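Student: Sharing a structure, written as structure tokens. Questions coming.
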Amino acid sequence: MIIGLNSRARVWRMVNQPAADDDVGGAMITGSVAYDSVRMRWTPRALNFMLLEQGLETKEMMRVFIWPASLLVYERDELEITAPVNHPNFGERWRVVSANRTAIHPSDPRGFLHVTIERLERTRAQQ
């Protein structure tokens with residue numbers, strides 16, 4: 001494992017299924033695993049304390065460095081932490097907000113994907 005990569009995740013690709021509607025006629029969004037056991041490093045983003053002091057809600061966001069840079073990760077994909085099992089966010093899903101490559105060419109083994117993610121909170125049993 002490359003130094004600094006301290007966790008693994010599963011990347012879910014979210015797609016619309018226009019043929020399969022739910023009970024009230026809305027399109028169902030389903031996901032399939034795009035990549036499994038992806039190596040990465042998670043670091044929390046600093047909160048905006050000015051908004052917190054005013055009593056406004058802020059989203060919990062993280063910065064993620066994914067290796068290798070040749071993986072195709074898009075906005076609206078979801079990351080699910082699969083290792084280590086003692087990770088505080090083990091089993092949770094996070095939605096990709098932005099995905100950028102480093103200046104190093106994707107085929108170079110030193111390249112990373114720099115991804116910003118936010119916590120995904122489900123409001124229904126089905127989605």
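Student: Determine how large the accessible area of residue 98 is when every protein chain is in place; take a 1.4 Å probe and give Å² rounded to the nearest 10.
Tutor: Near enough 30 Å² of accessible area.
Student: Given a 1.4 Å probe and heavy atoms of the protein chains only, how would you sort 72, 113, largest accessible area at the top? Walk me through the intermediate numbers first.
Tutor: Working: 72 80, 113 0 Å².
From most accessible down to least: 72, 113.
Student: Right, here's the next one. Using Cα-Cα distances under 8 Å and only pairs 6 or more residues apart, what relative contact order does the range 60-106 have, in percent?
Tutor: 39
Student: Suppose the chain between residue 35 and residue 61 were pulled fully straight at 0.36 nm per residue; how much longer would it get relative to their current alpha carbon spacing?
Tutor: Contour length minus the Cα-Cα distance gives 7.2 nm.
Student: With every protein chain present, what accessible area does residue 79 have (1.4 Å probe, heavy atoms only), rounded to the nearest 10 Å²?
Tutor: In the full protein context, residue 79 sits at about 0 Å².
Student: A further question on this structure: Where does each of 112, 90 land when they are ordered by accessible area, with a 1.4 Å probe and the largest first? The partial results should precede the final answer.
Tutor: Working: 112 50, 90 95 Å².
From most exposed to least exposed: 90, 112.
Student: Let me ask something additional. Per residue of the range 60-66, in order, report the coupling 6.51 cos²θ - 1.76 cosθ + 1.60 (Karplus, θ = phi - 60°) as ³J(HN,Hα) in whole Hz, putting x for Gly and Pro.
Tutor: 7, 10, 9, 9, 10, 10, 9
The values are calculated or read from the model by the stated rules, or taken from the named source; none is laboratory data. Nothing here was measured: the structure is a model prediction, and the numbers come from that model. Side chains included, ligands, DNA and RNA excluded: accessible areas come from the protein's heavy atoms. Shrake-Rupley method; radii C 1.70, N 1.55, O 1.52, S 1.80 Å.
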